[in-house]
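The structure appears right after this line, and notes come after that.
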Amino acid sequence: MEKIYYVTEAFISNYNQGTDLLLIKTASGEIYGLSPEFEMCTKDIAMVSGLYSPDRPYPQAKWINFNSDIGTVPAGWYDLNNTSISNFIIGYRLESELQIHRFKKNQPTKNNSE
């Protein structure tokens, strides 16, 4: 069965531009946002995800170089559902593909589906 990675849009101040983050889970259960484009990841996903605003504290986010020892297991919906990260998910990526499948803009989210 193919892995499904949930995705957020984020801003990475180290490069002064946007990036897509694949949400991965470590063996210890921590959730990271991985930018395959820059090979960097962060645990500060909610801090860097969402619509860009110059007033947000992007430089405070801690980014590290990605190392496969962190893991590449996708974070499942169950892992993300009760976190603030779920509010930023914009789509998914299948393991065998490079493209991001974006959800439709009018699709219900956690906040407006209840």
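The residues listed here are LYS62, LYS3; of these, the one that is surrounded by fewer than 21 Cβ atoms within 10 Å (Cβ to Cβ), at pLDDT 95 or above and either closer than 17 Å to ASN81 by Cα or not aliphatic (A, V, I, L, M) (or both) is LYS62. Within region 52-59, is even one residue open to solvent by less than 70 Å² (accessible area, probe 1.4 Å) and in a helix (DSSP H, G or I)? Taking every residue of region 52-59 in turn, at least one turns out to be open to solvent by less than 70 Å² (accessible area, probe 1.4 Å) and in a helix (DSSP H, G or I). Restricting attention to region 32-50, which residues are among the hydrophobic types (A, V, I, L, M, F, W, C), in contact with a strand residue (DSSP E or B) (Cβ under 8 Å, 6 or more places away or on another chain) and either open to solvent by 30 Å² or more (accessible area, probe 1.4 Å) or not in a strand (DSSP E or B) (or both)? Passing the criteria: PHE38, ILE45, VAL48. Collect the residues in region 78-101 that are open to solvent by 50 Å² or more (accessible area, probe 1.4 Å) and in contact (Cβ under 8 Å) with a residue 60 or more places away in the chain, keeping them in residue-number order. Selection gives PHE88, TYR92, GLU95, SER96. The number of residues in region 1-27 that are within 13 Å of ALA75 (Cβ to Cβ) and among the polar types (S, T, N, Q) comes to 2. Summed over region 4-31, the residues that are within 13 Å of GLY71 (Cα to Cα) and either β-branched (Val, Ile, Thr) or part of a loop (DSSP other than H, G, I, E, B) (or both) give a count of 7. Selection over region 65-77 of residues that are open to solvent by less than 80 Å² (accessible area, probe 1.4 Å), polar (S, T, N, Q) and either in a helix (DSSP H, G or I) or farther than 18 Å from TYR92 by Cα (or both) gives a count of 1.
The values are calculated or read from the model by the stated rules, or taken from the named source; none is laboratory data. Bear in mind the structure is a predicted one, so any value in this text is a computation, not a measurement. Neighbour counts run over all protein chains shown; Cβ positions are idealised from the backbone, glycine included. The accessibility values were calculated without ligands, DNA or RNA, using every heavy atom of the protein model including side chains. Shrake-Rupley method; radii C 1.70, N 1.55, O 1.52, S 1.80 Å.
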